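Just so it is clear, none of the values below were taken in a lab; they were calculated from the coordinates. Small disclaimer: the values here were computed from a predicted structure and weren't measured. Heads up, the Cβs are rebuilt from the backbone with ideal geometry, glycines too, and the neighbour counts pull from every protein chain shown.
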Amino acid sequence: MQTKLTELLNINYPVIQAPMFLVSNVAMVTEAMKSGIAGCIPALNYRTLEELSGAIKALKANKVEGGSFGFNLIVNKSNIKYKGQLEVLCKEGCDFIITSLGSPEETIKQAHKVGIKVFCDVTDLKFAKKVEGLGADALIAVNNEAGGHRGNLSPEDLIKELNTHCSIPVISAGGVGCKADIDRMLSYGAEGVSVGSPFIASTEANVTEEYKQACVDYGAEDIVMTERISGTPCTVINTPYVQKIGTKATWIENLLNKNRKLKKWVKMIRFSIGMKATEKAAKKATYKTVWVAGPSIEHTTEILPVKDIVAKLIA
């Protein structure tokens, strides 16, 4: 399974364990690297720059041949820690950075100075062309089968459109839960895949057993879009609590969102409230079960170590 992604990251298989807010950690990525794939953690999973630095040092100590590690950076103004996080990543060193939600120009510039590759989340051709022009090393093509904040295009349409008009590698994100799904994405022209939701139900994931078991018990038909977390449509498991509160923004939020001056603040407040609720549900048992996941949990039938999940993906 040698592709441009395996060449870029010196990994054995063209798979990235996707960065997942609250879920991804050093233990998960270490096992991913040992299994011959890449692993990635959101920088925001660490509350301080010191903790982020410590995670990088641990991953460097755990790195083995055939695996690699990286971090996800939110590069817009909503991430007040962005500049400090970028500085730490460039100082300590990692194999790659995945950028989200904003212009990756500064990240690409600083990361390339120290030999770190930069992949950029994109959902359409317009933004893909922009980041390619800025020097991105690859595109993370977020399709409409992804978990969390997803794109609007199908995997096939998005991959083929980006390959037609861009010259850098396309890594498909969304809709991969088994080996057949990987083969499908590669057949469309992807050079690799980013896989998230199947790894929630891993023994190494630092979330509640209830969250992990939900990924086993629920399937693709139980994934719904909600506006009640970040203000932007996001996929979650349709638990009784989600059904109770509904998936649409409240009438007050809709009204305030029409006000140009207030829209920004409404989104920030909704994002803060939603993230706190998501963190509580992920870290401790609560009746307010808001669990983020994608339809690829359809193939999750038991809680397994990361190495066994990888084995199922590449077997």
If you scan region 35-87, which residues turn out to be more than 25 Å from Glu7 (Cβ to Cβ) and of a type in the set (D, E, K, R)? Arg47, Glu50, Glu51, Lys57, Lys77, Lys81, Lys83, Glu87
In region 36-45, anything closer than 15 Å to Pro198 by Cα and assigned to a loop (DSSP other than H, G, I, E, B) is listed as Ile37
Total residues in region 287-308, condition assigned to a helix (DSSP H, G or I) and surrounded by fewer than 23 Cβ atoms within 10 Å (Cβ to Cβ): 5
Within region 120-141, residues in contact with a strand residue (DSSP E or B) (Cβ under 9 Å, 6 or more places away or on another chain) and part of a loop (DSSP other than H, G, I, E, B) come out as Thr123, Leu134, Gly135, Ala136, Asp137
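Listed here are the residues, each with its yes/no results for (1) within 29 Å of Val306 (Cα to Cα); (2) of a type in the set (A, V, I, L, M).
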| position | (1), (2) |
| --- | --- |
| Gly115 | yes, no |
| Ala146 | yes, yes |
| Leu162 | no, yes |
| Ala190 | yes, yes |
